Amino acid sequence: MPPRFTPDLPAALGYRMPAEWEPHEATWLSWPHNRDTWPGRFEPIPGVWLRLAATLAAGEHVHILCGGADVRAEAQAMVGQLANVTLHDIPTNDAWARDHGPIFLTGRNLPPALVHFGYNAWGGKYPPYELDAQVPRRVAELLGCLRFEAPLILEGGAVDVNGSGSVMVTEQCLLNPNRNPGVTRQQMEQVLADYLAAPHVIWLGQGIAGDDTDGHIDELARFVGPRRVLAAVERDPRDENHAALSDNLRRLKLATDEQGRPLEVAELPMPRPLFVGSQRVPASYANFYIANGIVVVPQYDDPADAQALAMLQAAFPDRRVVGQRATDLVWGLGAFHCITQQQPRVGNGS
């Protein structure tokens, strides 16, 4: 049986985490400044943020965290003159807004709210992270919205919801002792129910090679409709991703939505293995971002780029699908979904 909602927590009060395709008030980004994230290849990275911000600002407001004089000056010079973009003096350790940012909630006739999960840089891998851990609190203060502080560590890239009660996650990430030692599957499911209003949990297994997040779902499988999922697949049995992605696909084909209906699963290709030097990076088309009127899809100078664009266009026929080059960005071990965080429109449904 699904967990019962705990009184006085978001779901019991009528809040939920909406699906990414539901109308946005804004997108939040954190300006890149940590050169250690892209060792030896930082120079083109601010331009990635410029192109993304300009694309998103055509359909929704873009908020960019850029605390500190030097970071603020660079962001101002690059994107400060763009219409529909606002810069905020909130400092960060790094640029992965999906993971250190708040998870925004919505609910009919309810005031704006967000969830503040704990954050420890993917299991303590990249200290310091104290500034990133405070971003949700700072954003709540900036917006004057309710902040629900969750009792566990969880990154935004670790969950993907359909907005009506289902959430996809991986065992490798959510049950990893480097986040929440001793926490059981049942306890994690209760937290997902209480704070995201997602009591129906679809558990996948392992992530892809090169992914330092321990298997974030946004590299593997994504909801593109209430029960439609795009799942990354690796067809080459010699590739190290083949077994894990095949197991995830098997699980999805056996899974249901919150109403017990089978999922509609389409197979999203993987690009060819991509390396920076000898290091494989987690290149995946599943790391797309859905915004108002558009979908931004990573491109890797790969023959499968066009197929990925076509599949996303078929999934979102009323949106413009935009391919943006991610070969520089992914050297930091993430792509466009990893650097964005959506803020839903206030009162966007129940």
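The values are calculated or read from the model by the stated rules, or taken from the named source; none is laboratory data. No experiment lies behind these values; they were computed from the predicted model shown. Every residue, glycine as well, gets a Cβ built from its backbone with ideal geometry; the counts of neighbours run over all protein chains shown.
At-a-glance table
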read-out	value
Among residues of the range 186-243, those that are touching a Gly at 6+ places or on another chain (Cβ under 7 Å) and among the acidic types (Asp, Glu), counted	3
Output for the range 148-192, where each listed residue is among the small types (Gly, Ala, Ser) and surrounded by 19 or more Cβ atoms within 10 Å (Cβ to Cβ)	ALA150, GLY156, GLY157, ALA158, GLY163, GLY165, SER166
Residues of the range 10-39 classified as surrounded by fewer than 21 Cβ atoms within 10 Å (Cβ to Cβ), of a type in the set (D, E, K, R) and within 17 Å of GLN342 (Cβ to Cβ), total	2
Answer from LEU245, LEU220 - the residue that is at pLDDT 95 or above, closer than 26 Å to ALA291 by Cβ and either touching a helix residue (DSSP H, G or I) at 6+ places or on another chain (Cβ under 6 Å) or buried (at least 20 other Cβ atoms within 10 Å of the Cβ) (or both)	LEU220
Checking GLY67 against (1) in contact (Cβ under 8 Å) with a residue 40 or more places away in the chain; (2) surrounded by fewer than 17 Cβ atoms within 10 Å (Cβ to Cβ); (3) not in a helix (DSSP H, G or I); (4) not acidic (Asp, Glu), the condition it does not meet	(2)
Counted residues, the range 198-245 - those being without any contact (Cβ under 8 Å) to a residue 24 or more places away in the chain and either touching a Phe, Trp or Tyr at 6+ places or on another chain (Cβ under 8 Å) or small (Gly, Ala, Ser) (or both)	1
Any hit, the range 192-204, residues being within 17 Å of GLU258 (Cβ to Cβ) and among the charged types (D, E, K, R)	yes
Residue satisfying condition, being part of a helix (DSSP H, G or I) and among the basic types (Lys, Arg), within set ARG222, ARG272, ARG235, ARG250	ARG250
Output for the range 242-285, where each listed residue is hydrophobic (A, V, I, L, M, F, W, C) and under 22 Å from ARG227 (Cβ atoms)	LEU245, LEU249, LEU252, LEU254, ALA255, LEU263, VAL265, ALA266, LEU268
Residue selected from the range 256-275 under the condition more than 17 Å from ASP236 (Cβ to Cβ) and out of contact with any Ser or Thr (no Cβ under 9 Å at 6 or more places or on another chain), by the criterion surrounded by the fewest Cβ atoms within 10 Å (Cβ to Cβ)	GLY260
Residues within the range 1-38 that are in a loop (DSSP other than H, G, I, E, B), without any contact (Cβ under 8 Å) to a residue 12 or more places away in the chain and under 23 Å from the mean Cα position of the chain (by Cα), tallied	0
So VAL233, is it of a type in the set (Val, Ile, Thr) and either more than 20 Å from the chain's Cα centre (by Cα) or over 24 Å from ALA306 (Cβ atoms) (or both)	no
Which listed residue is within 26 Å of ASN120 (Cβ to Cβ) and either among the hydrophobic types (A, V, I, L, M, F, W, C) or touching a residue at least 60 places away in the same chain (Cβ under 8 Å) (or both), from ALA58, ALA54, ALA95	ALA95
Residues satisfying the stated conditions in the range 135-156, i.e. closer than 16 Å to ALA113 by Cβ, among the charged types (D, E, K, R) and in contact with a helix residue (DSSP H, G or I) (Cβ under 6 Å, 6 or more places away or on another chain)	ARG147
Selection count where residues are assigned to a strand (DSSP E or B) and polar (S, T, N, Q), scope the range 275-290	1
Test: GLU141 is acidic (Asp, Glu), assigned to a helix (DSSP H, G or I) and surrounded by fewer than 19 Cβ atoms within 10 Å (Cβ to Cβ)	yes
When residues of the range 98-128 are limited to those that are assigned to a helix (DSSP H, G or I) and touching a residue at least 40 places away in the same chain (Cβ under 8 Å), the one farthest from TYR15 (Cα to Cα)	GLY124
The range 304-331 residues that are among the charged types (D, E, K, R) and surrounded by fewer than 19 Cβ atoms within 10 Å (Cβ to Cβ), paired with ones that are assigned to a helix (DSSP H, G or I) and modelled with pLDDT of 95 or more (beta carbon under 9 Å, 6 or more apart)	ARG319/LEU312; ARG319/GLN313; ARG320/GLN313; ARG325/VAL48; ARG325/ARG51; ASP328/ILE45; ASP328/GLY47; ASP328/VAL48
